[in-house]
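Here the structure is laid out as structure tokens; the discussion comes afterwards.
The values are calculated or read from the model by the stated rules, or taken from the named source; none is laboratory data. This is a predicted model, so every value here is computed, not measured. Positions of Cβ are generated from backbone atoms using ideal geometry, with glycine treated the same way; all protein chains shown enter the neighbour counts.
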Amino acid sequence: MAKKRVDPVLFPGPGQHESGTHSPHPNDVDRRRIERALKNRQRYRYVSPTVHPGPDGYIVRSPCCSRNIDNRGGIIDIAWLRYRNQHGVWHLYRRDHVTDAWVIQSAQATLMEALAELNRDQDRVFWS
């Protein structure tokens, strides 16, 4: 079965935002809020994910405990929470480790709604 081609998301350079305006994200207050919320996730609760500043938001990384992606259990990208300033929504991306690209999973009105979807991960697209 052929793999579906996924175009990578290109990150804007430092200080650049697609709307030309300043983005309120990333910031330390929301980064810590995300770290606390991830403790309520339903999958792989025995690993300790980390939250890093990313373009217009936050990148969630975690040790690969299933060994499906990194058989040595190294740190992998899990999700990108990106605030779209011009639309006032949060885009939640998952990492396609086969194509090494970010793939949009959903758009949510609030950060907490995006985190709820990430924590639930009903289809195992984030914590695999």
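Tally up the residues in segment 106-128 that are among the polar types (S, T, N, Q), touching a helix residue (DSSP H, G or I) at 6+ places or on another chain (Cβ under 9 Å) and under 12 Å from Ile78 (Cα atoms), please. Selection size over segment 106-128: 1.
Looking only at segment 65-92, residues that are crowded, with 20+ Cβ neighbours inside 10 Å and either outside any strand (DSSP E or B) or out of contact with any Ser or Thr (no Cβ under 9 Å at 6 or more places or on another chain) (or both) come to 4 in all. Answer with yes or no whether Ala114 is touching a residue at least 12 places away in the same chain (Cβ under 8 Å), touching a Leu at 6+ places or on another chain (Cβ under 8 Å), hydrophobic (A, V, I, L, M, F, W, C) and under 20 Å from Asp56 (Cα atoms). Against the criterion (touching a residue at least 12 places away in the same chain (Cβ under 8 Å), touching a Leu at 6+ places or on another chain (Cβ under 8 Å), hydrophobic (A, V, I, L, M, F, W, C) and under 20 Å from Asp56 (Cα atoms)), Ala114 qualifies. Scanning segment 86-99 for residues that are at pLDDT below 95, touching a strand residue (DSSP E or B) at 6+ places or on another chain (Cβ under 9 Å) and more than 19 Å from Arg43 (Cβ to Cβ) turns up just one, His87. Candidates Ser23, Ser48, Ser62: the one that is out of contact with any Leu (no Cβ under 8 Å at 6 or more places or on another chain), over 14 Å from Ile75 (Cα atoms), touching a residue at least 12 places away in the same chain (Cβ under 8 Å) and among the small types (Gly, Ala, Ser) is Ser23. Scanning segment 34-46 for residues that are over 15 Å from Arg124 (Cβ atoms) and surrounded by 16 or more Cβ atoms within 10 Å (Cβ to Cβ) yields a total of 3.
Per-residue answers, yes or no, for (1) under 16 Å from the mean Cα position of the chain (by Cα); (2) of a type outside the set (Gly, Ala, Ser); (3) at pLDDT 85 or above:
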residue	(1), (2), (3)
Pro8	yes, yes, no
Thr21	no, yes, no
Arg33	yes, yes, yes
Asp70	no, yes, no
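The residues on offer are Ser48, Ser128, and the sole one that is farther than 23 Å from Pro26 by Cα, over 11 Å from the mean Cα position of the chain (by Cα) and modelled with pLDDT under 95 is Ser128. Looking across segment 102-125 at every residue that is at pLDDT below 95 and under 13 Å from the mean Cα position of the chain (by Cα), the one that is surrounded by the most Cβ atoms within 10 Å (Cβ to Cβ) is identified as Asp121. When Val103 is tested against (1) closer than 17 Å to Ala37 by Cα; (2) in contact with a Phe, Trp or Tyr (Cβ under 8 Å, 6 or more places away or on another chain); (3) of a type in the set (A, V, I, L, M), only condition (1) is not met. Are there any pairs with C-beta distances below 6 angstrom linking a residue in segment 27-44 that is of a type outside the set (S, T, N, Q) to a residue that is surrounded by 16 or more Cβ atoms within 10 Å (Cβ to Cβ) and assigned to a loop (DSSP other than H, G, I, E, B), with the two at least 6 apart or on different chains, and if so which? Matching pairs, first to second residue: Leu38/Pro49; Arg43/Asp121; Arg43/Trp127; Tyr44/Trp127.
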